[in-house]
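K.L.:
This structure is in structure tokens; I'll ask about it shortly.
The values are calculated or read from the model by the stated rules, or taken from the named source; none is laboratory data. Worth saying up front: this structure is predicted, and the values here are computed from it rather than measured. Heads up, the Cβs are rebuilt from the backbone with ideal geometry, glycines too, and the neighbour counts pull from every protein chain shown. These area figures cover heavy atoms from the full protein model, side chains too; ligands, DNA and RNA do not enter into them. Shrake-Rupley method; radii C 1.70, N 1.55, O 1.52, S 1.80 Å.
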Protein chains: 2
Amino acid sequence: MMEEEEPRGGVTEEETPPREVNSNCNHTDDDVTSCPAEAPGLPATSQKPGPVVVQGNTQNPASEKLKRVCKWSITTYKCTRQALSEKLGRGSRTVDLDLERRLELLKDDRQRYDSVTKLAKTLANQLAQFSVTQKTLGDTFAELSLKTPTLHVEFGVNADTQRFLSKSSDTLTASVNAFTSDMNTLVNKTMEDTMISAKQYEAARIEYDAYRVDLEELNLGPRDAVTLPKLELAQRDFQSQRDRYQRIREDLSVKVKLLEDNKVKVLHKHLWLLHSAVAAHGLSCHSFLQQNVRRAAEHQDSPGVDAPSWLEES
Amino acid sequence: MMEEEEPRGGVTEEETPPREVNSNCNHTDDDVTSCPAEAPGLPATSQKPGPVVVQGNTQNPASEKLKRVCKWSITTYKCTRQALSEKLGRGSRTVDLDLERRLELLKDDRQRYDSVTKLAKTLANQLAQFSVTQKTLGDTFAELSLKTPTLHVEFGVNADTQRFLSKSSDTLTASVNAFTSDMNTLVNKTMEDTMISAKQYEAARIEYDAYRVDLEELNLGPRDAVTLPKLELAQRDFQSQRDRYQRIREDLSVKVKLLEDNKVKVLHKHLWLLHSAVAAHGLSCHSFLQQNVRRAAEHQDSPGVDAPSWLEES
């Protein structure tokens, strides 16, 4: 894991902390993101087997490692200070109003969709239990229909109804479960993916702001032979951080727009599917019941119920 | 409670044990009914306030009491012996095949109706919970419909559907609860009443059989000056027990026939009511859903879903 990483493009090596240290703080707090995120442009250190090109390296590996840890510590310190001063309401922060509004909306939507998913899950479970009871009741009615000639039709009609409703409930349960599963994918995969990107964006934003504030502070101070090189270095750091921040912001912005689009299409489809399933359940139950009532009315002329009472007979 | 009871009609005093002792064994076992039941023809001892006619009584109350306890003990002994010998498969028993078959059928029906009642109760409870979830889901959809202009129609249609279904489920729950309540009355009041009469009939039958077996045994023995009075007494006892048994059997037979009649009428009514409630639920849901789909289709021309994607636009 300690192989050399070649600085590439406008990304200076300073912003990439030693990997083994960075990997320890991947799960940062949502608000105070003091740990700089991994630069997305950099490839992971190659671990492929086979021939490895060993770079010429004139520097002492130990001192190089020390240098990197040192730089990572400085970056972490800067980011923590920036995050804290933002939390305390001091210091300035870069804000992309449009993007942040969209992210807020997405977060809110995600919560609502999550509660819809949970409710649909509960509905499906309750419906499944309901269906079992309907089935048992239908079977009991069917037995009674066989056992009671005088109430054969009445028990039979109810038996058929409950058994049919049970089957139809099962179909509806499957549809609601499909809806739940699709909503789950939307909420916990598609939207979650964008939320993770949003966290990475926030980390990059804090890191950029930390270097920006640094540069601004140096610009306010005197310019002499001692501060000038520092200023130049800060300027260079600032520039590379800004490029990185803007690239990540652009990526996230595209992702959010794609999600907004995708979300509407996915929900449009699944909400209609859900409604269609409910409507189909309603239609099938209604048709069956109508038919059942008609069939029962035909049998209604059969003896038993309309026969005179034993008291009337005697 | 120790007042005199006047013997009336063909019912001799012997068969009426002292009341305070008899009341201790009212809840007898279903199979071995060794304790003679109270003769139904006898009125309860009058406890009305106001002037009481005190009967002329030349006998010593204490010795009278002793005599009654003694007679009751003999009856109890006879009945226990009869019940035991029946249980052990010895001895004869009077059987009314038709009445016993009817009682068996009623017992079986009662068990089945009881399980129908319990299932219907479960169904109503599950439906009530289901309705609550539907309502909550409907409300969540309604909020999302307001919040999401691009999916206003889709969320709205589902919100209306779930809210309507919830209301309709409530109506159905009420109907199922009414069915449960009526079934409960049939099973635990009407049928239970006949079951209690059947137990009283069984007790009277055992008592009658006990005196019948006694008489038969005496008839088999020699006839002399000692046994002849005993035989006469046994003959008298047997006659009065037979009258009582036949009266109780007749009462029960009428009761069972009335119940059979009543049961069919009651069940006929409630089974149709239940089916109608389910059918009405099916019809109302179907009508609403059809109308809802039509209304939604009209709104379908609205922008949002069919608008080109952001990617297609740019």
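K.L.:
For residue B:122, indicate whether it is over 14 Å from the mean Cα position of the chain (by Cα), among the hydroxyl-bearing types (Ser, Thr, Tyr) and within 22 Å of residue B:290 (Cα to Cα).
P.N.:
no
K.L.:
Can you tell which of A:136, A:150, A:161, A:140 is open to solvent by less than 10 Å² (accessible area, probe 1.4 Å) and either out of contact with any helix residue (DSSP H, G or I) (no Cβ under 9 Å at 6 or more places or on another chain) or polar (S, T, N, Q) (or both)? If you could, list the steps in order and put the result at the bottom.
P.N.:
Details: A:136 fails: open to solvent by less than 10 Å² (accessible area, probe 1.4 Å); A:150 fails: open to solvent by less than 10 Å² (accessible area, probe 1.4 Å); A:140 fails: open to solvent by less than 10 Å² (accessible area, probe 1.4 Å).
A:161 is the lone residue from the list that is open to solvent by less than 10 Å² (accessible area, probe 1.4 Å) and either out of contact with any helix residue (DSSP H, G or I) (no Cβ under 9 Å at 6 or more places or on another chain) or polar (S, T, N, Q) (or both).
K.L.:
Specify which of the listed residues (A:252, A:228) is more than 20 Å from residue A:96 (Cα to Cα) and assigned to a helix (DSSP H, G or I).
P.N.:
Being more than 20 Å from residue A:96 (Cα to Cα) and assigned to a helix (DSSP H, G or I) holds for just one of A:252, A:228, which is A:228.
K.L.:
Sticking with this one: Residue B:291: within 30 Å of residue B:194 (Cα to Cα), of a type in the set (S, T, N, Q) and more than 8 Å from chain A (Cβ to nearest Cβ), yes or no?
P.N.:
The answer is no for residue B:291.
K.L.:
Pull up region A:249-276, narrow it to residues that are more than 10 Å from chain B (Cβ to nearest Cβ) and open to solvent by less than 20 Å² (accessible area, probe 1.4 Å), then point me to the one that is nearest to the chain's Cα centre (by Cα).
P.N.:
A:259
K.L.:
Tally up the residues in region B:114-152 that are out of contact with any Gly (no Cβ under 6 Å at 6 or more places or on another chain) and within 8 Å of chain A (Cβ to nearest Cβ), please.
P.N.:
Total meeting the criteria: 21.
K.L.:
Residue check: is residue A:193 open to solvent by 60 Å² or more (accessible area, probe 1.4 Å), at pLDDT below 95 and in contact with a Lys or Arg (Cβ under 9 Å, 6 or more places away or on another chain)?
P.N.:
Yes, satisfied.
K.L.:
State yes or no: is residue A:179 touching a Leu at 6+ places or on another chain (Cβ under 9 Å) and either away from chain B (no Cβ under 14 Å) or over 21 Å from residue B:276 (Cβ atoms) (or both)? Steps first, please.
P.N.:
On the way: touching a Leu at 6+ places or on another chain (Cβ under 9 Å): yes; either away from chain B (no Cβ under 14 Å) or over 21 Å from residue B:276 (Cβ atoms) (or both): yes.
So residue A:179 passes the test.
K.L.:
Pairs only if they're at least six apart or on different chains, beta carbon under 7 angstrom, first in region B:248-270 and on the phi < 0 side of the Ramachandran plot and without any contact (Cβ under 8 Å) to a residue 24 or more places away in the chain, second among the hydroxyl-bearing types (Ser, Thr, Tyr) and assigned to a helix (DSSP H, G or I); list them, first residue then second.
P.N.:
Sorted first by the residue in region B:248-270, then by its partner, the pairs are B:264/A:150.
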